[in-house]
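Please read the structure below before turning to the comments.
Computed from the coordinates by the stated procedures, all read-outs in this text should not be read as laboratory data. It should be emphasised that the depicted structure is a prediction, and the values quoted were computed from it without experimental measurement. Ideal geometry is used to build each Cβ from the backbone, glycine not excepted, and the neighbour counts take in all protein chains shown.
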Amino acid sequence: MCRPRGLHYLHMDRLLQTLIVLTAALSVAIADYLLKRVAAATERFADAFIHPLTALAVGLYAVQVVLFTYVFVRRWQLGTVALLQMACYAAACLLMSRFWLGERVTAAQAAGMVMAFCGAVLMTR
């Protein structure tokens, strides 16, 4: 006999989905940050390609592939996953670029980040 999903189960499923997508977004954002650091430290593509941090970045991209494979096997919606992942990824990249690379974050970028998160929250409802 199949029990209907309770409200608690639905909230836990959404929380799990959000945590997995957040982890995937952070893994890609950190990988991109590492590649930016490698590019700043090298002058030739060949040197950047064989740099140890490039291998770590590839590993982090693989984490994202594994996590997204899981969420899509669980039949989570592509649009919702994509929007949530992009909002988390953009926020992580903006914050890392600001604090670790000294890049400037404009008021428009900060406002866009807030709006993207609001949109992502609305998409998960």
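What is the magnitude of the charge dipole of region 7-123 about its Cα centre, with +1 placed on the Cβ of each Lys and Arg, -1 on the Cβ of each Asp and Glu, and no other charges, expressed in debye to the nearest 20? Mind dumping the intermediate values first?
Details: 8 positive and 5 negative charges, 31 e Å.
So the magnitude is around 140 debye.
With a 10 Å Cβ neighbour count serving as the proxy for reagent exposure, in which order, fewest first, do Leu60, Leu122 appear? Walk me through the numbers before you get to the answer.
On the way: Leu60 20, Leu122 9.
Fewest to most other Cβ atoms nearby, the residues stand as Leu122, Leu60.
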Practice task
List the chymotrypsin sites (Phe, Trp or Tyr not before Pro) within region 62-125 that fall in a DSSP loop (any state other than H, G, I, E or B) and whose Cβ has at most 15 other Cβ atoms within 10 Å.
Solution key: Trp100
Exercise for the section: Rounded to the nearest 10 degrees, what's the angle between the helix 7-41 long axis and the longest principal axis of the chain, both from Cα atoms, 0 to 90? Expected result: 10 degrees
Handout entry: Given charges at Cβ of Lys, Arg, Asp, Glu: the chain dipole, positive-most of Leu56, Leu16, Tyr33
Key = Leu16
Practice task
Using Kirkwood radius over Cα pairs in Å as the read-out, say which of (i) 15.8; (ii) 16.2; (iii) 14.1 was calculated from these coordinates.
Solution key: (ii)
